[in-house]
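Inspection log for the structure reproduced underneath, given as structure tokens.
The values are calculated or read from the model by the stated rules, or taken from the named source; none is laboratory data. No experiment lies behind these values; they were computed from the predicted model shown. Cβ: placed from backbone, ideal geometry, glycine included. Neighbour counts: every protein chain shown. Surface accessibility is based on the protein's heavy atoms, side chains included, excluding ligands, DNA and RNA. Shrake-Rupley method; radii C 1.70, N 1.55, O 1.52, S 1.80 Å.
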Amino acid sequence: MSSSAFPRPIATTRSATGISTGKLAVWWLIASEIVIFGGVLGSYIMHRIGHPEWASQAEHTNTWLGAFNTIVLLSSSLSAVLAHNAAEMKDGKKAAKFLWFTILGAATFLVVKSFEWTHEINAGLTITSHTFWSFYYTAAGIHGLHVLVGGIIMAVIAVDAAKGKDLQRVEAVGLYWHFVDIVWIFLFPLLYISK
Amino acid sequence: MSDPHAPHADHSKHYIKIWIALLVLLMVSLVPAIIAQQLHLNITGIVVVTAFAVAFIKAYLVIKHFMHLTIEKKYVGFLFLTMLAFMLVFVGGVSPDVMKHEGQRWTNDAAKKVVDEGMKAEKAGGHGEPEKH
Amino acid sequence: MSSTATDTAHGDGHGHDAHAPSGWDDPHGHGGHGAHDAHGHAEPHWLIKYFWSTDHKIIGMQYLFTGMFMALIGGFAVYVFRMQLAFPGMSVPFYGRVTATDYNALVTTHGSVMIFWVAMPVLIAALGNYLIPLMIGCDDMVFPRLNRLSYQLFLISAIVLIYSFFVDGGAFGGAWTAYPPLSAKAEYNLTPTGAPLWLFAVALEFAAFLLGGINFVTTVMNSRAKGMKMFDVPIVVWMIIIASILFMASVGPLIAGAVMLMFDQTIGTGFFDPNKGGDPVLWQHLFWFFGHPEVYVVLLPAMGIVAEVITTFSRKKLFAYKSVLYTAVGTGGLSFFVWAHHQFIAGIDPRMANIFSVTTLLISIPVAEMVFVYIATLFGGSIRLTTPMLWALAFIAEFLLGGVTGIFLGASGADIYFHDTYFVIAHFHYTFFPIAFIASFAALTYWFPKMFGRYMNDTWGKVHFWISIISFNCIFIPLFLLGARGDHRRIYDYTHFPDLMKSGMQDLRILATLSLVVLLVTQVIFLVNFFYSMVKGKKAEQNPWKANTLEWQCPSPPPHGNFPDGLPTVHRGPYEFSHPDRQEDYWPQNAS
């Protein structure tokens, strides 16, 4: 299980830019994610403006649950940055603890989401019922997938961090998590407030 | 604010302040929406503008204080701005075709028909919701 | 092995695999003696060595051989459908009769395989993996396990694509551009399983290259040899990096679009269905917003290969290194502003068509500049016409033709006539054949001594070169003529169209098809030469071409860890040929 069983190449230890390799890779990852979300949200915005009649569908989204999930994600972002703060102070145990809080946030988000979706699907608002709902489920679904993946990666990193290992990864995964949070910050008004 | 990368400095108080600011901003974006809903006011414009203005402020706070992008190497920020600019180019190039349903010597009859039927159904359904334009 | 297997799941997910800042000092010393050999110094089992390796050279080889295998599939597909066009209704040898559905599937497969499973893996993934760590003087990629994962995803995508041939209804037949509604509705494309499988394979392939691209960019940014500054990086590495960034920036919308199209296909959403409030033109935009930068994603590495080969074999410094670099960046940036020239007759707003015409014509300027720079590099050099040099020169000549004919298609007025004719096909292949094959042959023949420690046979290399080039031109010049006469490209049997069977048009089709058969058969020469030389070729020394870049300053083939005498330190740029103060006409980057 230990990752030191896989010694890293010298290449990984170099840092000509001054940014550590893992962090640099996450910046590039975020750059490539910007255009993925940009594609789906851009398509949604264009359709939404071109189709005023979608407002009658949008009014069925649950603003309260959306707002609650925003609070959940903002708070999980806080604990992610607190984990980074702890990692900076070389406190692996504390960093791991905060990461688990973030994971709890991710789990809460997904549970609320599935509750919300079950409710909507039972009300007949399925992904095929209207193209507004197609966009709704696709955009939120892609975002939810990122939440899920982020949670899993954070669990792996938290286990290592608790042992004081690879603490620099705490910051890297935190950056990814803040990005996922920012995407939701924009999804919230797009899907839950513009009615 | 001092440099968050300074070794061994504890910034948790600062982070919590930012978090509170974010929650307050969230409430700010909700207020017009709730007022519109409760009083059946036709203020969609205000609701949408506030919500997106708040979203941009929130994103800025997260980027600056949680991701520390402002003290990262400059090119990282420029990279993200470039990506966003490409998305603007994309939307700019596509919107004349997809967002609009007619242009210079062309009309998108299928889309127009869908919009008309949708608007009629909405009126008939009598949702009483403000129309979005 | 289980420990390595767990580790993959562990750190590779999203590239959070960084070294502790506290550990910048190399714990293993700069010996380069297999610093990351997970199994100590014992030789691992060959299956593990060749199929589960994290060594960038092995992964590069995996990409290369997978790409070569896929090229055979793409080549076979084109053989079958060209035979159908030349001799309609005949039973094609090694295939049998070609039905209309078969024809569509073959055309689609040829297109998508050659671009996504041949050009991309060979030019970017294989050469990038093999060359980047060697050329920037480090021992491996920064994320070796991410690299392995990237290849495995790519392999799965190739397997899914091949598998789609054997499902009910056969492989997807909606062209490599997959325009809805044809691609979205099973009742139109008649491939209810093949279409989603194709889309899945393409999406998986994108994921693989995104991982690979992040790895490449991070490696070059962070892990260059001591002393290697930005402008000491060889052009081919720069080009692969710029291409990776272009790919990263352009593929996002298409990944989103692929998810949307997948939902349209499988669960019946209406993203691209106007009757449900969607828009089919949106797919075309999503596709070409990626599709046009994609041309430059593969062109730039090819240009880079040519730069390496012509500087080495004209013994001259690359003319205007920085201009080439800035031009490449400019081309890349501009390539995001031209995509809708593929859609002039798709019902886009004519005012937008004007804008896209202008940007399209503009982009020929930087590309032409690169060609001029290469010609200026050749001018006054002591040119050695080795096989790789022939390929590189042929690249410049043939790509020029492809570029010039692009002007016809970029002008929206002329495009209305040329659209969907064989003129487009010929133009496209005059750009992509040089990119995917001529440049790849230049690269393979040039770096073969490094890869396998042996020379390829030069005589047979030249025979292969000349027959390939002549037959290539004999395929596509007739297609230009056919296209100018209005020959429509999406037709299965021309005998149903008397207007397209007039005065010798069929003869031109037969000429093109026979030339194609010659071209395909000629590749046997290459394959035999390649595999024979790998085992029996003349042994090559460390630096057979007397080149400067770092990959030639380590043994051929390089051992695990690349530089047995310690990782190099760089003192100068990559193209210091024929320096007046030196006795030898080359000056390796790391020589003091």
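Just a few scattered comments:
- Sole exception among (1) under 28 Å from C:F290 (Cα atoms); (2) facing another protein chain (nearest Cβ under 7 Å); (3) at pLDDT below 95 for B:E102, by number: (2)
- Filtering C:S382, C:S364, C:S314, C:S357 for residues that are closer than 23 Å to C:S250 by Cα and either more than 14 Å from chain B (Cβ to nearest Cβ) or not hydroxyl-bearing (S, T, Y) (or both) leaves a single hit, C:S364.
- Residues considered: C:Y151, C:Y188, C:Y163. Of these, the only one that is in a helix (DSSP H, G or I), aromatic (F, W, Y) and open to solvent by less than 40 Å² (accessible area, probe 1.4 Å) is C:Y151.
- Any hit, region A:77-93, residues being more than 13 Å from chain C (Cβ to nearest Cβ), at pLDDT below 95 and outside any helix (DSSP H, G or I): yes
- Answer residue from region A:9-66, given it is open to solvent by less than 20 Å² (accessible area, probe 1.4 Å) and of a type in the set (D, E) and is modelled with the highest pLDDT among those: A:E33
- Wholly enclosed helices (runs of 4 or more DSSP H) of region C:354-438 bearing at least 3 residues at pLDDT 95 or above and buried (at least 17 other Cβ atoms within 10 Å of the Cβ): C:387-410, C:422-433
- Taking region C:45-82 as the range and being part of a helix (DSSP H, G or I) and open to solvent by 60 Å² or more (accessible area, probe 1.4 Å) as the test, the residues that pass are C:W46, C:L47, C:K49, C:Y50, C:F51, C:F65, C:F69, C:L72, C:F76.
- Residue in region C:207-229 that is under 30 Å from C:T431 (Cα atoms), in contact (Cβ under 8 Å) with a residue 40 or more places away in the chain and surrounded by fewer than 22 Cβ atoms within 10 Å (Cβ to Cβ) present: yes
- Residues (open to solvent by 20 Å² or more (accessible area, probe 1.4 Å) and either of a type in the set (V, I, T) or touching a His at 6+ places or on another chain (Cβ under 9 Å) (or both)) located in region B:46-72: B:I46, B:V48, B:V49, B:T50, B:I57, B:I63, B:H65, B:T70, B:I71
- When we screen C:A175, C:A171 for residues that are crowded, with 24+ Cβ neighbours inside 10 Å and assigned to a loop (DSSP other than H, G, I, E, B), the only hit is C:A171.
- Positions within region C:234-245 being open to solvent by less than 10 Å² (accessible area, probe 1.4 Å), of a type outside the set (G, A, S) and either part of a helix (DSSP H, G or I) or within 11 Å of chain A (Cβ to nearest Cβ) (or both), in sequence order: C:I235, C:V236, C:V237, C:M239, C:I240
- Residue ID - most open to solvent (accessible area, probe 1.4 Å), chosen from residues in region C:461-497 that are of a type in the set (S, T, Y) and not in a loop (DSSP other than H, G, I, E, B): C:T495
- Yes/no for B:I18 being open to solvent by less than 70 Å² (accessible area, probe 1.4 Å), in contact (Cβ under 8 Å) with a residue 40 or more places away in the chain and touching a Lys or Arg at 6+ places or on another chain (Cβ under 9 Å): yes
- Any chance C:L85 is open to solvent by 10 Å² or more (accessible area, probe 1.4 Å), out of contact with any Leu (no Cβ under 7 Å at 6 or more places or on another chain), in a helix (DSSP H, G or I) and on the phi < 0 side of the Ramachandran plot: no
- Contacts under 6 angstrom Cβ, first residue in region C:327-350 being within 11 Å of chain B (Cβ to nearest Cβ), partner surrounded by 20 or more Cβ atoms within 10 Å (Cβ to Cβ) and not in a helix (DSSP H, G or I), 6 or more apart: C:A340/C:I348
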